[in-house]
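Only the coordinates and a few stated rules stand behind these numbers; no lab work does. Source: prediction; values computed, not measured. Virtual Cβ from ideal backbone geometry, glycine too; neighbours counted across all protein chains shown.
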Amino acid sequence: MSEQQTTEATTANGGVKKAPATFRAILGEKIGMTQIFHPKDQNLYGVTVIQAGPCPVLRVKTAASKDGYDAVQLGFGTIKDKSRNSAERGQFKAAGVPSQKYVREIRDANLAGLEAGQTVLADTFKTGDYVDVQGITKGKGFAGVMKRHNFKGLPASHGASDKERSPGSLASRRSLGRVMPGQRMAGHMGNVMTSTIKIEVVDVDAEKNLIYVAGAVPGPRGGLVTIFETVKNKKTRIDTVKSTIKKDKMGNIIKAAAKPGAKK
């Protein structure tokens, strides 16, 4: 990024040194769900509202440096300095940003023109983009096999006593005589990192740093999520326009019949 482009980006964003548009990732907080009309097709969509950014760039790592790999560290949400240790406060001071509540490292991203002190804003994405949203799912505690793995359960008749929700047989008696690794059983459910792949950005409110994505995303309200450009081949929505020209089976254009009373 040239000095002129940097100055223009800084002036346009009220003194904020904006990150290059080629960097396609941002941290955010899940606010909740609502319904809005899509600005293009005017259909009602159930959307998740995400408070995305502003996310200052804290550090840029490169394979040529002592780090040995390419990555960028983003911060999100301000916090009091006393809540961070001296090493973390020094890192924030070097980047010229206040202490951040969340710090996440992002790899496999385009780091061209990215520098410490720049800021990633919500307008890095636009309406129609497809994104992947990563977050930690809601913790459900210890769950049985019917809730955790959608088991059918055992019959409630024919002499069965309190066995309706039990898992049933776990292993064969003759073959190996043990429970194989990976057997679906009761256990801790939720509280794991997961991603929702290729969901559409329905709307972006750049002034309030809000991104509206279609459908649900992992995590509870107030949880941290990371929005990436989708890994799928189709990166943005392409609207197809249906032709109004009618053709017969032979490919000839069918002329529309003139309306009664119309001038020739």
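Using the Cβ-Cβ distance between Asn191 and Ala63 with R0 = 35 Å, the FRET efficiency computed as 1/(1 + (r/R0)^6) comes to roughly 0.55.
Springs join every pair of Cα atoms under 10 Å in this Gaussian network model of the chain, and among Pro54, Pro20, Pro181 the largest mean-square fluctuation is at Pro181. In this Cβ point-charge picture (+1 for Lys and Arg, -1 for Asp and Glu), the chain has a dipole of about 1280 debye about its Cα centre. Efficiency by 1/(1 + (r/R0)^6): what FRET value for Thr34 and Thr137, r their Cβ-Cβ distance, R0 = 22 Å, to the nearest 0.05? Once rounded, the FRET efficiency stands at 0.60. Summing charges over all other residues whose Cβ lies under 12 Å from the Cβ of Glu29, with Lys and Arg as +1 and Asp and Glu as -1, gives +3. Within a straight-line Cα-Cα reach of under 16 Å, Lys247 can be paired with the following lysines, leaving aside sequence neighbours fewer than 8 residues apart in one chain: Lys255. Mean projected area of the convex hull spanned by the Cα atoms of the chain, taken over all viewing directions: 31.1 nm². Size of region 94-185: Rg and Dmax of its alpha carbons, in Å, are 25.1, 72.
Over 30 Å apart at the Cα level, from the set Lys30/Lys80; Lys66/Lys235; Lys17/Lys61; Lys30/Lys82, are Lys66/Lys235.
Considering the chain as a Gaussian network with a 10 Å cut-off on Cα pairs, which listed residue, Gln118, Gln183, Gln42, attains the greatest mean-square fluctuation? Of the options given, Gln183 has the highest mean-square fluctuation.
Return the single residue from Val217, Val225, Val97 with maximal mean-square fluctuation; model: Gaussian network over the chain, springs between Cα atoms under 10 Å. The residue that fluctuates most here is Val97. Scalar couplings 3J(HN,Hα) for region 20-25, obtained by applying the Karplus form with A = 6.51, B = -1.76, C = 1.60 to θ = phi - 60°, are x, 5, 6, 7, 10, 7 Hz; x denotes Gly and Pro. In terms of its C-alpha gyration tensor, region 140-189 comes out oblate, because a/c is 1.5 or above while a/b does not outweigh b/c.
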